[in-house]
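Notes follow once the structure below has been shown.
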Amino acid sequence: MVPLIKRLVAALREELEQYGEMLARLDEQQEMVMRREADGVLQSVESVQVQSLAIQRAREERERRQAELAGSPGLPVCADFAALIPCLPSDYGLLVSALVQENNQLLVRVQQRARQNHMLLAQSLELMGRMMKTLFPGSDLRTYNAGGTTSQNAPSGFSLYQAVG
């Protein structure tokens, strides 16, 4: 059972590392939004997406290791950590419990930062849209709606020349 526990511990550490990397990437993205670095923001979006895949792979590996351990003799079939940890030798139980707690805390921080960044980016897009409507009131502006599809803003009927003069 100890080799299975060690593989689970390694998977939990890898997952923790990936969450930490995501938090760093989200922090960088937030800084770029605040400095209005459009190119940097675009690059950060790609970087965040790549890191999301790394997190997904790490989580899947941890879930495999967790299920593998839960399937070993003498342990409950349930792969839930609350049921699994008390069945582990005390030293390993404390370690696994601490890693699970750290992962959960870091995940909460990642979720908070992602929500903050989403709000900042949405506000930036809204401000840009208002500016575009002011500069080009009669133009055909297409934007993305909440459903992810494009919508066409209705032209105001004024040309740029009429709006200025």
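The values are calculated or read from the model by the stated rules, or taken from the named source; none is laboratory data. What you see is a predicted model; the values in this text were computed from it and never measured. Cβ atoms come from the backbone with ideal geometry, glycine included; neighbour counts cover every protein chain shown.
Some notes on this structure:
- Any hit, region 115-127, residues being part of a helix (DSSP H, G or I) and within 19 Å of residue 3 (Cβ to Cβ): no
- Members of region 72-112 found to be without any contact (Cβ under 8 Å) to a residue 12 or more places away in the chain, β-branched (Val, Ile, Thr) and part of a helix (DSSP H, G or I), listed by number: 108
- Here residue 11 meets the list (1) touching an Asp or Glu at 6+ places or on another chain (Cβ under 6 Å); (2) hydrophobic (A, V, I, L, M, F, W, C); (3) free of Cβ contacts under 8 Å to residues at least 24 places away in the same chain almost entirely, failing just condition (3).
- Of the listed requirements (1) more than 25 Å from the chain's Cα centre (by Cα); (2) more than 18 Å from residue 3 (Cβ to Cβ); (3) of a type outside the set (S, T, N, Q); (4) surrounded by 16 or more Cβ atoms within 10 Å (Cβ to Cβ), residue 33 misses just one: (1).
- Yes/no for residue 69 being under 30 Å from residue 89 (Cβ atoms), touching an Asp or Glu at 6+ places or on another chain (Cβ under 9 Å) and part of a helix (DSSP H, G or I): no
- Close Cβ contacts (under 7 Å, 6 or more residues apart or on different chains) running from residues in region 119-135 that are under 17 Å from residue 42 (Cβ atoms) to residues that are hydrophobic (A, V, I, L, M, F, W, C) comprise 120/33; 121/33; 124/33.
So that you can scan it fast, the table gives a plain yes or no per residue for (1) surrounded by fewer than 14 Cβ atoms within 10 Å (Cβ to Cβ); (2) modelled with pLDDT under 90; (3) of a type in the set (Val, Ile, Thr):
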| site | (1), (2), (3) |
| --- | --- |
| 87 | no, yes, no |
| 104 | yes, no, no |
| 135 | yes, yes, no |
| 140 | yes, yes, no |
